Amino acid sequence: MIEFLGFLSALCFGLCAAPQSIEAIRTKSAAGISTGMIVLWLLGEASAIAYAILALNSPFWLLANYILSTICLSPVVYYKFFYRKQ
């Protein structure tokens with residue numbers, strides 16, 4: 001039961017960026033999201049991944065959560081900082 005709760009938590013938190021990413025892909029824009037929010041989110045995810053790796057005994061679901069969330073956030077970062085309409 002404990003492992004299931006860890007898996008469910010990692011899945012939910014990891015995918016919480018997915019709706020915003022889908023919207024960014026659909027509209028080809030992330031204009032409605034503040035730069036500060038994205039930067040803080042990325043810094044938090046990067047430091048959490050580093051912590052989970054360096055702690056060595058952290059649960060797999062914790063690391064999976066951070067990696068999945070970072071992957072889901074990638075389209076938002078792309079459309080906010082790199083995409084330029086032709």
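The values are calculated or read from the model by the stated rules, or taken from the named source; none is laboratory data. Quick caveat, the model's predicted, so the values are computed rather than measured. Methodologically, a virtual Cβ is constructed for each residue, glycine included, from the backbone with ideal geometry; neighbour enumeration extends over all protein chains shown.
Considering region 62-86 alone, what residues qualify as being over 11 Å from the mean Cα position of the chain (by Cα) and at pLDDT 90 or above?
Once the filter is applied, which keeps residues that are over 11 Å from the mean Cα position of the chain (by Cα) and at pLDDT 90 or above, region 62-86 yields Tyr78, Tyr79, Lys80, Phe81, Phe82, Tyr83.
Here's the yes/no breakdown for (1) over 10 Å from the mean Cα position of the chain (by Cα); (2) closer than 16 Å to Cys72 by Cβ:
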| site | (1), (2) |
| --- | --- |
| Met1 | yes, no |
| Leu8 | yes, no |
| Cys12 | yes, yes |
| Leu15 | no, yes |
| Pro19 | yes, yes |
| Glu23 | yes, yes |
| Gly36 | yes, no |
| Trp41 | no, yes |
| Ala46 | no, yes |
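Starting from region 64-86, keep only residues that are touching a residue at least 24 places away in the same chain (Cβ under 8 Å) and outside any loop (DSSP other than H, G, I, E, B), then list their pairs with residues that are of a type in the set (D, E, K, R) and crowded, with 16+ Cβ neighbours inside 10 Å whose Cβ atoms are within a distance under 9 Å, requiring at least 6 positions of separation or different chains.
Note: pairs meeting the criteria are Tyr66/Glu45; Ile67/Glu45; Ser69/Glu45; Thr70/Glu45; Leu73/Glu45; Val76/Glu23.
Going through Leu56, Leu43 one at a time, which residue ends up being out of contact with any helix residue (DSSP H, G or I) (no Cβ under 9 Å at 6 or more places or on another chain) and at positive phi?
The unique qualifying residue is Leu56.
Pairs only if they're at least six apart or on different chains, beta carbon under 6 angstrom, first in region 5-34 and in a helix (DSSP H, G or I), second of a type in the set (S, T, N, Q) and surrounded by 11 or more Cβ atoms within 10 Å (Cβ to Cβ); list them, first residue then second.
Filtered contacts from region 5-34: Ala10/Asn65; Phe13/Asn65; Gly14/Asn65; Gly14/Ser69.
On the given criteria, is Ala46 small (Gly, Ala, Ser), surrounded by fewer than 15 Cβ atoms within 10 Å (Cβ to Cβ) and in a loop (DSSP other than H, G, I, E, B)?
Considered against the rule, which asks whether it is small (Gly, Ala, Ser), surrounded by fewer than 15 Cβ atoms within 10 Å (Cβ to Cβ) and in a loop (DSSP other than H, G, I, E, B), Ala46 comes out as no.
Residues that are under 13 Å from the mean Cα position of the chain (by Cα), surrounded by fewer than 17 Cβ atoms within 10 Å (Cβ to Cβ) and either assigned to a helix (DSSP H, G or I) or at pLDDT 90 or above (or both): does region 53-61 have at least one?
Among the residues of region 53-61, not one is under 13 Å from the mean Cα position of the chain (by Cα), surrounded by fewer than 17 Cβ atoms within 10 Å (Cβ to Cβ) and either assigned to a helix (DSSP H, G or I) or at pLDDT 90 or above (or both), which makes the answer no.
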